[in-house]
Structures are given as C-alpha cells and as structure tokens.
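> Input: one structure, supplied below.
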Amino acid sequence: MTETTPFDLSGAALLVVDLQPDFMPGGALAVAEGDQIIAPIRRLVLAGLFPLQVATQDWHPPGHISFASHHAGKQPFDTIELYGHEQTLWPDHCVQGSTGAQLHQGLDLTPLAAVVRKGMDPDVDSYSGFRNNWSPAGERPATGLGGYLRDRGVDTVFCCGLARDVCVQWTALDAADYGFQTFVLWDLTRGVDPGNDDRVCAELRAKGVRIITSDQLPTG
C-alpha cells in the first residue's frame, strides 16, 4: 500500500488528527487498536522533524446533530439524509469538556503550535480538520486551518491519527484540495472498519495523496 520516496520536510507540517480517549478502546466511539498509535505518534512529535505540528480535536456540544440520541428512533451507525448528503449517526462522543474529548494524555502537547477544534456547530458535523461537513446552506465552511498553514509557509502536510477511514481521510483529501502536497502516515492511523482500507487507499491516491509509513521519514 505504501511507496518509497525521499522527503524534504523544510516546509512540512504534521497533522495529528483526533487523538482523543473517546476514539480509543473502551471509549464512546472506539476505534480498534487506536491506543497502539499513541506512543509512536508521541515519539514522532517529540522528535522535532517537522517545522510545524498541529492537532485537531473533535469538540461537540451536547445534543449534536450527528448523535443518534438526537434523532428519535435512530441507533448509532444508522444513516440519514442531512442537507442533501448522507450522514452517519454516531454514539455521543467528544462532548465539550468531557474526559473523552480531551487530547489523549499520552500525547505531549508542548511541541504543538496549535489545536484546531471542530464539530462545534450543533447543526453541522465535521470530519476534516480543514472544512466542516455540509451546512444548511449547502457549503462546507472552513475551519481556518488551511490559511493558518499557508501563512506559516507550509506546502506539505503529513496526516496521522484517528480514524483512518473518516477524519484522517477527509483531512487528507481536503489538504490536497487546498493545494498542499499530502501524505498519510498509514501505520500511525487505524480505521473504524479495516474493511475500508482498499477503498480509502484508492480514494486518497485518486486525489494525489501519497501513502507512506513513519519509518520512511528522515531520522533527523
């Protein structure tokens, strides 16, 4: 699934996507083996290979429109049509101020330049770190991450975190749409459904996103 190529990290940013307890085994919206990527991501962040490092954080108000509990008669993982697009309904997760919504304590926050919170609009879901999902106006409002990175001279982004087939994928696809050279560190992600891996790879590569593993990065 991965490729080999040399990397110039001088204009690169590391994006750590939604490394939060609610996405870990035992959490409200658990991703199998999600806890296995915490230590290697911590080591990568502390290694200082990237000039800029940013985390995203799911940060939903109570009663968020993406929660199955918000919709009478619906169960988690049911789908509905919302603003003309398919919406998966999720268990309540990453509720603002809750323990499960915090960035994981195993991730050292000190080297991070910024944390971008998403999913804060009660009526709009948000998977990508760059843009929210569709709004009632039929648009995907920007989070501001794209401009933040450009203003700091970033031209390349490397994505890791959770979940591979949802928020990491959407973040990487939007990064490519924003014109960034985009990589996914495949071994530092895990999926809600590992059966989606082939589809995810195909969709990423169709947008020019490159898939590598962390051991292909420079060592310093």
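> So, in the stretch 191-220, of the ones that are of a type in the set (Gly, Ala, Ser) and part of a loop (DSSP other than H, G, I, E, B), which residue ends up farthest from Leu46 (Cα to Cα)?
Of the residues in the stretch 191-220, the ones of a type in the set (Gly, Ala, Ser) are 191, 195, 202, 206, 208, 214, 220.
If we keep only those that are part of a loop (DSSP other than H, G, I, E, B) as well, we get 191, 208, 220.
Working: Gly191: 24, Gly208: 28, Gly220: 12 Å.
Looking at residues that are of a type in the set (Gly, Ala, Ser) and part of a loop (DSSP other than H, G, I, E, B), I get Gly208.
> Could you tell me which numbered condition Val115 fails, if it satisfies all but one of (1) of a type in the set (A, V, I, L, M, F, W, C); (2) surrounded by 19 or more Cβ atoms within 10 Å (Cβ to Cβ); (3) in contact with a Ser or Thr (Cβ under 8 Å, 6 or more places away or on another chain); (4) within 27 Å of Gly153 (Cβ to Cβ)?
The failed condition is (2).
> Name the single residue, out of those in the stretch 38-96 being open to solvent by less than 20 Å² (accessible area, probe 1.4 Å) and without any contact (Cβ under 8 Å) to a residue 60 or more places away in the chain, that is farthest from Val17 (Cα to Cα).
Among residues in the stretch 38-96 that are open to solvent by less than 20 Å² (accessible area, probe 1.4 Å) and without any contact (Cβ under 8 Å) to a residue 60 or more places away in the chain, the one farthest from Val17 (Cα to Cα) is Ala68.
> What do you reckon, is Leu19 in a loop (DSSP other than H, G, I, E, B), closer than 29 Å to Arg150 by Cβ and either open to solvent by less than 40 Å² (accessible area, probe 1.4 Å) or in contact with a Cys (Cβ under 8 Å, 6 or more places away or on another chain) (or both)?
Spelling it out, Leu19 is indeed in a loop (DSSP other than H, G, I, E, B), closer than 29 Å to Arg150 by Cβ and either open to solvent by less than 40 Å² (accessible area, probe 1.4 Å) or in contact with a Cys (Cβ under 8 Å, 6 or more places away or on another chain) (or both).
> Same structure, new question: So which of Asp165, Asp121 is open to solvent by 10 Å² or more (accessible area, probe 1.4 Å) and closer than 22 Å to Leu44 by Cα?
Asp165
> What's the number of the only condition in (1) of a type outside the set (A, V, I, L, M, F, W, C); (2) over 13 Å from the mean Cα position of the chain (by Cα); (3) open to solvent by 10 Å² or more (accessible area, probe 1.4 Å) that Arg190 fails to meet?
It is condition (2) that Arg190 fails.
The values are calculated or read from the model by the stated rules, or taken from the named source; none is laboratory data. None of the values given here were measured: they were computed from a predicted structure. Quick reminder, even Gly has a Cβ in these numbers, built from the backbone with ideal geometry, and neighbours come from all protein chains shown. Surface accessibility is based on the protein's heavy atoms, side chains included, excluding ligands, DNA and RNA. Shrake-Rupley method; radii C 1.70, N 1.55, O 1.52, S 1.80 Å.
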